[in-house]
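Heads up: the structure comes next, in structure tokens.
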Amino acid sequence: MSEIVDRWVERLKGKLPPVGEMTHWERMAAAFDLRATDLVPVAPELDYWQITYAGYSHQEIYNDVDKTTDACLKTWADLRADAIWMYVDISHQIENFIPAEKRAQHFVHRGDQDYLLFKPLAKTLDEAIALYETRAFEQHIADSRAVTHYTPHMLQLLEFQEKMDRVVPVIVGIGTPSNYAETLVEVQQFVRWTVTEPKSKVQHYLDLALAERMGALDFYAEFAARNGCQFCCLFGGARTWGPKQLAEFGEADRIFAEKAARIFPYTFWHICGHNLPEAMQALTEWKGLKAVQYDMPYYSQRLSYPEWFEHVARLFAGKRCAMNAPTTQLACHGTAEEVRTMVRDFIEATLPHTTAVVMPGCEIDSYSPLENVQAMIDAAREKRPSARA
Ligand SMILES: [Zn+2]
């Protein structure tokens, strides 16, 4: 079907030296199912980093599906992480809410290695609600990058996954209702409204976001799951929500997560930034999630990283696989030795309680040195007396 995929399959199939005793797929699946693994899986969210690593600029891949896929496959072939993350940027997510002639005002390309910036689509809660009530997202979808770039790229990677006989899983990333509710207007703005606006109005907005996202999951069932996708990352919003906000407004995400988990056997939740223990707790209660890609402790908690890792691992015991380390900041600005130390700390604090996947809490910055990404993978591959829960 796709020439670029066939070229990589021809180059790699049956020719790769094994890594450990399990395949990458088996290793990831076992960790998600809370079973023992031969090595601790490592699957950093390489996202935009792999574009840079493969020698492409952002401008170059922005409308070029083959180059985007080529970058992901080259990176995997060289580094052999335990999963392939598809490339996703913010325009995939929200371009379909914007008429074609207005898109240029909302998306900003900076340097070759920089991630795409965007400007919010609504200034007031009424405007945000109107985006959904007028069904803007349906009117502008046909020529949006969700259709012209994201979907064909996803299908190419899934074609690779299947033609390689599932030695390595492709992770498809999907935005959640809270993520959309926040992204359309900017996170701080939405969080402010959860306090200042009438509760019923905020709820109405989240209900609209949920309805659109539930429809999106039907698309993913047909185009991702039917083409072999089993590993799915749900990009959660609600990163700075406190217990009261979670209790009042967390329902949309819970309903969404449960539907996603019925479609994809290996569904995990991505919650980046400073996390509250209450958020970690909520993520152990929603049905179907198998793993959580979490991040740093909330500012008010004076915990060292090993303490935080252990706290979360105890909370996840028997329920969730824990995914973390190093922080995205350390991966970019730290030394390789610091990266190795943090990965080891995470593994040592987690494995007594549950399974672990080495995966920073958010995407790897495009400027992160190769040495640090390599150190992360090498540290996970070190021989340990037991890589089991
Ligand atoms: Zn993130």
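The values are calculated or read from the model by the stated rules, or taken from the named source; none is laboratory data. Remember, predicted model here, so these are calculated numbers, not experimental data. A quick note on method: Cβ atoms are made from the backbone with ideal geometry, for glycine too, and the neighbour counts reach across all protein chains shown.
With the requirement that a residue be in contact with a Leu (Cβ under 8 Å, 6 or more places away or on another chain) and basic (Lys, Arg), what does the stretch 16-47 give you?
Residue satisfying the conditions is 27 alone.
Kindly provide the set of residues from the stretch 363-389 that are away from the ligand (no atom under 16 Å from the Cβ) and either among the hydroxyl-bearing types (Ser, Thr, Tyr) or in a loop (DSSP other than H, G, I, E, B) (or both), ordered by number.
367, 369, 382, 383, 384, 385, 386, 387, 388, 389
Counting only residues that are β-branched (Val, Ile, Thr) and not in a loop (DSSP other than H, G, I, E, B), which one in the stretch 106-140 is surrounded by the most Cβ atoms within 10 Å (Cβ to Cβ)?
129
Go through (1) of a type in the set (D, E, K, R); (2) in a loop (DSSP other than H, G, I, E, B); (3) under 29 Å from residue 32 (Cα atoms) for residue 143 and report which single condition fails.
Only one criterion is unmet by residue 143, namely (3).
Is there a residue being buried (at least 20 other Cβ atoms within 10 Å of the Cβ), of a type in the set (D, E, K, R) and under 19 Å from the mean Cα position of the chain (by Cα) anywhere in the stretch 152-163?
The answer is no, given that none of the residues of the stretch 152-163 is buried (at least 20 other Cβ atoms within 10 Å of the Cβ), of a type in the set (D, E, K, R) and under 19 Å from the mean Cα position of the chain (by Cα).
Within the group 179, 227, which residue is in contact with an Asp or Glu (Cβ under 9 Å, 6 or more places away or on another chain), of a type in the set (S, T, N, Q) and within 30 Å of residue 16 (Cβ to Cβ)? Talk me through it step by step, then tell me what you get.
Working: 179 fails: within 30 Å of residue 16 (Cβ to Cβ).
Step by step, each of 179, 227 is checked, and only 227 is in contact with an Asp or Glu (Cβ under 9 Å, 6 or more places away or on another chain), of a type in the set (S, T, N, Q) and within 30 Å of residue 16 (Cβ to Cβ).
Quick check on the stretch 264-275. Is at least one of its residues within 16 Å of the ligand (Cβ to nearest atom), within 15 Å of residue 318 (Cα to Cα), out of contact with any Pro (no Cβ under 8 Å at 6 or more places or on another chain) and not β-branched (Val, Ile, Thr)?
Kept after step one, since they are within 16 Å of the ligand (Cβ to nearest atom), are these residues of the stretch 264-275: 268-275.
Imposing the further condition that a residue be within 15 Å of residue 318 (Cα to Cα) reduces the set to none.
The answer is no; no qualifying residue exists.
Sort through 40, 88 and tell me the only one that's within 16 Å of the ligand (Cβ to nearest atom) and in contact (Cβ under 8 Å) with a residue 40 or more places away in the chain.
88
I need the full set of residues from the stretch 251-269 which are crowded, with 23+ Cβ neighbours inside 10 Å and under 11 Å from residue 206 (Cβ atoms), in order please.
Correct list: 252, 253, 256.
Quick check, is residue 285 at pLDDT below 95 and either within 28 Å of residue 384 (Cα to Cα) or surrounded by fewer than 17 Cβ atoms within 10 Å (Cβ to Cβ) (or both)?
Yes, satisfied.
Just to be sure, is residue 300 closer than 30 Å to residue 117 by Cβ and modelled with pLDDT under 95?
yes
If we keep just the residues of the stretch 318-362 that are within 16 Å of the ligand (Cβ to nearest atom) and in a helix (DSSP H, G or I), which is surrounded by the fewest Cβ atoms within 10 Å (Cβ to Cβ)?
Taking the candidates together, the pick is 329.
Return a yes/no flag: does the stretch 202-215 have any residue that is at pLDDT below 95, hydrophobic (A, V, I, L, M, F, W, C) and touching an Asp or Glu at 6+ places or on another chain (Cβ under 8 Å). Spell out how you get there, then give the answer.
Let us first name the residues in the stretch 202-215 that are at pLDDT below 95, namely none.
No: zero hits.
Quick check: anything in the stretch 223-234 among the polar types (S, T, N, Q), at pLDDT below 95 and either under 15 Å from the mean Cα position of the chain (by Cα) or not in a helix (DSSP H, G or I) (or both)?
No, there is no match, as no residue in the stretch 223-234 is among the polar types (S, T, N, Q), at pLDDT below 95 and either under 15 Å from the mean Cα position of the chain (by Cα) or not in a helix (DSSP H, G or I) (or both).
In the stretch 221-237, what residues are away from the ligand (no atom under 16 Å from the Cβ) and on the phi < 0 side of the Ramachandran plot?
Step one: list which residues in the stretch 221-237 are away from the ligand (no atom under 16 Å from the Cβ), which gives 221-231.
Once the filter is applied, which keeps residues that are away from the ligand (no atom under 16 Å from the Cβ) and on the phi < 0 side of the Ramachandran plot, the stretch 221-237 yields 221, 222, 223, 224, 225, 226, 227, 229, 230, 231.
From (1) in contact with a strand residue (DSSP E or B) (Cβ under 8 Å, 6 or more places away or on another chain); (2) over 30 Å from residue 50 (Cα atoms); (3) polar (S, T, N, Q), pick out the condition that doesn't hold for residue 194.
The number of the failed condition is (1).
Please enumerate the residues belonging to the stretch 159-193 that are over 21 Å from residue 119 (Cα atoms) and either part of a helix (DSSP H, G or I) or among the acidic types (Asp, Glu) (or both).
To start, the set of residues in the stretch 159-193 that are over 21 Å from residue 119 (Cα atoms) comprises 159-173.
Listed by number, the residues that qualify are 159, 160, 161, 162, 163, 165.
Would you say residue 77 is under 24 Å from residue 331 (Cα atoms), touching a helix residue (DSSP H, G or I) at 6+ places or on another chain (Cβ under 8 Å), at pLDDT 95 or above and buried (at least 16 other Cβ atoms within 10 Å of the Cβ)?
Answer is no for this residue.
In the stretch 90-105, what count of residues is obtained for those that are out of contact with any helix residue (DSSP H, G or I) (no Cβ under 8 Å at 6 or more places or on another chain) and surrounded by 20 or more Cβ atoms within 10 Å (Cβ to Cβ)?
Going through the stretch 90-105 one residue at a time, the tally reaches 0.
Among (1) surrounded by fewer than 21 Cβ atoms within 10 Å (Cβ to Cβ); (2) more than 24 Å from residue 160 (Cβ to Cβ); (3) away from the ligand (no atom under 16 Å from the Cβ), which single condition is residue 240 missing?
(3) is the only condition that residue 240 fails.
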